[in-house]
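To keep things clear, I will list the structure first and then write my remarks on it.
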Amino acid sequence: MSQDTHPYIGFEEYSEHVPPSIPLAVQQATSRFVGGRAARVAELPQWEQLRQIGSDIRQHTIENMDVYLTLLEEKVVAAGGHVHWAETAEDARRIVLQIAKENNVKNVVKSKSMATEEIELNHALEAAGIEALETDLGEYIIQLAGTGPSHIIVPAVHLKKEEIAALFSEKLDIDAPTDPIELARIAREVLREKFLNAEMGISGGNFLIAETGTLVMVTNEGNGRMCTTMPDLHVAVVGIDKVVPDWESLTVFLKLLARSATGQKLSTYTQFITGPRRAEGEFGPKEFHLVLLDNGRSKILKDPIGRDVLKCIRCGACANVCPVYKNVGGFAYGSFISGPIGAILSPQMLGTQAARELPYASTLCGACADVCPVKIPIPTILRHLRRRVAEGDAFAIPTISTPIRATANLASLALAQNWIYRLGARLLPIINPFFRKNNWLSNMPYPLNRWTKVRPLPPFGARFRKWWNVRSTKETESPR
Amino acid sequence: MTNPVIENIRRSLGRTDLTPLSLRPAIYEPRHPESVDSEIARFLDEIKKLSGVGQELSPSDIDSSLKTLVAEQNIRKATVWETPHLKQLGITEILNSLGVDLVSPNADKHEVALCDLGITEADYLLAETGTLVLKSSTEKPRAVSLLPRIHLAIVRPEMLRADMHQVFAEAKDGNYLVFITGPSRTADIELTVTLGVHGPKNLHVWMTDT
């Protein structure tokens with residue numbers, strides 16, 4: 001979705017209507033992941049060093065992104081792959097549909113991908129008469145249910161096994177039992193047929209290695225391998241921020257990712273794909289297409305504080321520790337990415353107009369920054385974005401009215417200049433008699449009435465410096 | 001050749017096509033290997049923690065171990081990597097003698113999908129995480145470790161590497177590589193761990209001496 005068309009994200013309104021079952025399910029998931037992560041981190045004495053190196057390499061990659069992407073393209077093409085540049089979500093959809101059309105594709109199998117959620121690819125494929133099936137078990141369930149994900153790693157965690165059984169019974173026309181293992185077996189059977197018969201597999205990617213033009217995909221179920229091994233065509237849609245310089249750098253991120261995400265040392269399957277298959281007998285696609293998605297990322301690079309969001313490796317650890325996320329779940333963030341990282345990405349990607357409430361969806365407790373494997377200063381960026389929302393930026397008008405901003409600017413000037421502050425402190429008590437009632441100022445004129453409407457203000461005293469001086473003299477004199 | 005995305009990036013970063021690449025930050029030291037015996041023990045222990053079955057076998061035990069596996073898992077159809085080492089161990093002959101149907105590893109995907117068992121080697125092993133690293137070629141097709149419900153990897157101590165650094169240094173120029181760390185798993189329904197959702201449900205690793 002582009003910046004001017006994304007519907008307004010009413011976080012406050014959503015969060016008021018969250019059914020209690022959602023925080024309950026989400027907290028079961030997050031507490032498991034938090035515990036698993038802590039155990040893995042404790043095993044690795046060099047964890048903090050790894051985080052620092054990970055952060056430094058991401059920073060370096062962002063600052064040299066044009067060079068690495070240019071190298072990546074050259075290497076993918078040298079390996080026999082095709083590279084497509086998508087400036088917008090619309091471009092990306094058009095490119096994928098064009099590839100599908102040229103190859104007469106009717107059935108697509110998809111592995112879990114945030115990038116294709118971001119560009120809402122499934123709708124576009126369906127509108128073109130192409131079946132696009134999500135094959136990650138959780139994604140498959142929510143696709144059948146027609147809802148969005150409630151958690152980045154376990155998207156269907158809000159649904160009970162009874163609800164999933166009812167869904168399978170209805171949609172697959174079977175009599176599904178309520179046992180999770182049986183339900184997984186049914187999904188395996190249904191999807192096995194789809195994998196073997198689809199003409200095209202669509203994936204995202206966790207990393208892109210510039211050094212050799214390699215796509216790295218991390219999955220647990222094996223559906224990612226199926227999507228990239230069975231069909232003759234593989235299309236990967238990947239954000240330009242996923243590029244890493246080389247394989248040496250990748251060792252750092254592979255060590256950080258699974259430990260931070262699920263508390264595994266490594267996810268079950270990590271694939272390294274460099275172009276299409278070289279011989280028919282080895283399996284794998286005949287054609288490999290890489291769609292490099294910008295969709296606002298290059299604009300984010302312009303903001304030297306906000307652009308740290310592009311260091312993200314999508315582990316979800318920040319959401320798992322976030323007191324706000326744990327109580328509202330993923331839906332409330334109104335976008336493909338939720339939790340603290342969503343609160344700093346969506347306003348920058350979808351615009352501070354549509355997503356202006358998200359920087360406020362935080363207590364600024366800082367737990368997210370403590371666990372982030374690449375040390376993104378999330379609270380700093382949240383405050384920075386609050387400022388952009390309040391003062392207005394290239395995407396949106398200010399949310400705070402002109403008189404309030406003028407008052408605030410005046411106050412910040414006064415607080416910064418000693419003499420103005422002292423003058424003000426002398427002058428302000430003059431107004432006390434006009435508003436004073438029982439030793440409180442209870443009814444001030446606009447804009448100060450925004451305060452006094454809710455609670456009274458103590459009268460201006462201008463006694464602080466005097467009091468402070470007396471107090472400190474007393475303290476030095478008084479015996480211990 | 002330029003494109004709008006690269007141009008947008010350069011404009012945002014204030015770079016030109018002539019701005020040189022800055023130096024990449026240094027990477028940490030890789031893990032140091034312990035003795036071969038302790039690395040083998042660690043590797044097999046990690047496989048076990050991942051709900052796989054890992055054991056040390058002498059080549060002469062393969063015959064009886066395969067017999068047990070075929071009987072216990074009710075294996076009727078199998079497919080095997082056509083590598084020199086597996087040929088030398090006589091894997092296909094043993095399976096034939098046990099009455100197991102053999103499917104060529106390069107057969108059509110629908111055929112390979114009917115196999116109960118896929119047998120591979122590994123190109124590298126990572127002890128720290130219990131990981132099998134497999135390359136891909138006509139002799140070593142990708143589907144053998146993916147489609148059958150049971151994956152058996154017959155491996156040797158010389159495949160062990162202390163850390164991914166060494167694996168990457170040796171293997172990065174190939175066109176495909178997969179790390180397999182345990183059997184296929186999910187916890188997507190009520191966080192119940194379920195094995196074998198799309199890939200193999202059972203992972204067996206036999207460490208043999210040569």
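A few comments on the model shown:
- Filter pass, A:Thr251 being in a helix (DSSP H, G or I) and free of Cβ contacts under 8 Å to residues at least 24 places away in the same chain: yes
- Selected residue [more than 11 Å from every other protein chain (Cβ to nearest Cβ) and within 24 Å of A:Ala100 (Cβ to Cβ)] from A:Gly275, A:Gly224, A:Gly201: A:Gly201
- Checked against (1) surrounded by fewer than 23 Cβ atoms within 10 Å (Cβ to Cβ); (2) touching a Phe, Trp or Tyr at 6+ places or on another chain (Cβ under 7 Å), A:Leu233 passes all but a single condition, namely (2).
- Filter pass, B:Pro84 being out of contact with any strand residue (DSSP E or B) (no Cβ under 8 Å at 6 or more places or on another chain) and surrounded by 15 or more Cβ atoms within 10 Å (Cβ to Cβ): no
- Residue match in the stretch A:39-57 (condition: outside any loop (DSSP other than H, G, I, E, B) and under 17 Å from A:Glu211 (Cα atoms)): yes
- Search result, residues across the stretch B:130-153 that are surrounded by fewer than 23 Cβ atoms within 10 Å (Cβ to Cβ) and within 9 Å of chain A (Cβ to nearest Cβ): B:Ser137, B:Thr138, B:Glu139, B:Lys140
- Here the stretch A:172-198 is the region considered, the condition is being among the acidic types (Asp, Glu) and either within 11 Å of another protein chain (Cβ to nearest Cβ) or at negative phi (or both), and the residue that is farthest from the chain's Cα centre (by Cα) is A:Asp175.
- Out of A:Pro459, A:Pro433, sole residue that is modelled with pLDDT of 85 or more, exposed (fewer than 10 other Cβ atoms within 10 Å of the Cβ) and of a type outside the set (S, T, N, Q): A:Pro433
- A:Ala79 passes every criterion in (1) closer than 22 Å to A:Ile152 by Cβ; (2) touching a residue at least 12 places away in the same chain (Cβ under 8 Å) apart from (1).
- If you filter the stretch A:1-21 down to residues that are assigned to a helix (DSSP H, G or I) and under 19 Å from the mean Cα position of the chain (by Cα), you find that the one that is surrounded by the fewest Cβ atoms within 10 Å (Cβ to Cβ) is A:Glu12.
- Among the residues making up the stretch B:4-27, a single one is over 19 Å from A:Arg307 (Cβ atoms) and crowded, with 16+ Cβ neighbours inside 10 Å: B:Ile27.
For every residue, the table says whether it meets (1) among the polar types (S, T, N, Q); (2) in the same structural domain as A:Thr268 (by TED's automatic domain parsing); (3) in contact (Cβ under 8 Å) with a residue 60 or more places away in the chain.
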| site | (1), (2), (3) |
| --- | --- |
| A:Leu183 | no, yes, no |
| A:Arg188 | no, yes, no |
| A:Arg192 | no, yes, no |
| A:Phe195 | no, yes, yes |
| A:Asn206 | yes, yes, yes |
| A:Ala210 | no, yes, yes |
| A:Gly213 | no, yes, yes |
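- If you check A:Arg277, A:Arg314, A:Arg297 for being within 21 Å of the chain's Cα centre (by Cα) and closer than 22 Å to A:His82 by Cα, only one passes: A:Arg297.
- Subset of the stretch A:64-87 (residues that are farther than 17 Å from A:Gly275 by Cα and assigned to a strand (DSSP E or B)): A:Ala86
- Scanning the stretch A:105-161 for residues that are outside any loop (DSSP other than H, G, I, E, B), at the interface with another protein chain (Cβ under 10 Å from one of its Cβ atoms) and acidic (Asp, Glu) yields a total of 1.
- Selected residue [buried (at least 22 other Cβ atoms within 10 Å of the Cβ) and in contact with a helix residue (DSSP H, G or I) (Cβ under 6 Å, 6 or more places away or on another chain)] from A:Arg225, A:Arg277, A:Arg259: A:Arg259
- Subset of the stretch B:159-210 (residues that are under 13 Å from the mean Cα position of the chain (by Cα), among the hydroxyl-bearing types (Ser, Thr, Tyr) and within 21 Å of B:Glu56 (Cα to Cα)): B:Thr181
- Residue in the stretch A:172-181 that is buried (at least 18 other Cβ atoms within 10 Å of the Cβ), in a helix (DSSP H, G or I) and touching a residue at least 60 places away in the same chain (Cβ under 8 Å) present: no
- Given (1) surrounded by fewer than 24 Cβ atoms within 10 Å (Cβ to Cβ); (2) free of Cβ contacts under 8 Å to residues at least 40 places away in the same chain, index of the condition A:Ser267 fails: (2)
- Of all residues in the stretch A:278-298, those satisfying the criterion of being touching a residue at least 24 places away in the same chain (Cβ under 8 Å) and either farther than 30 Å from A:Ala100 by Cα or part of a helix (DSSP H, G or I) (or both) are A:Arg297, A:Ser298.
- Residue list for the stretch B:173-206, filter: more than 7 Å from every other protein chain (Cβ to nearest Cβ), more than 13 Å from B:Leu152 (Cα to Cα) and in a strand (DSSP E or B): B:Leu195
- Subset of the stretch A:204-221 that is over 14 Å from A:Gly275 (Cα atoms) and more than 10 Å from chain B (Cβ to nearest Cβ) - its residue that is surrounded by the most Cβ atoms within 10 Å (Cβ to Cβ): A:Asn206
- From the options A:Ala78, A:Ala100, A:Ala89, residue that is farther than 21 Å from B:Leu23 by Cα and surrounded by fewer than 19 Cβ atoms within 10 Å (Cβ to Cβ): A:Ala78
- Those residues of the stretch A:331-377 which are hydroxyl-bearing (Ser, Thr, Tyr) and within 20 Å of A:Leu293 (Cα to Cα), in sequence order: A:Ser335, A:Ser338, A:Ser346
- So A:Leu215, is it in contact with a Leu (Cβ under 9 Å, 6 or more places away or on another chain), closer than 19 Å to B:Ile180 by Cα and in a strand (DSSP E or B): yes
The values are calculated or read from the model by the stated rules, or taken from the named source; none is laboratory data. Bear in mind that the values here come from a model prediction, so they are computed numbers and not experimental data. We place every Cβ from the backbone using ideal geometry, glycine too, and count neighbours over all the protein chains shown.
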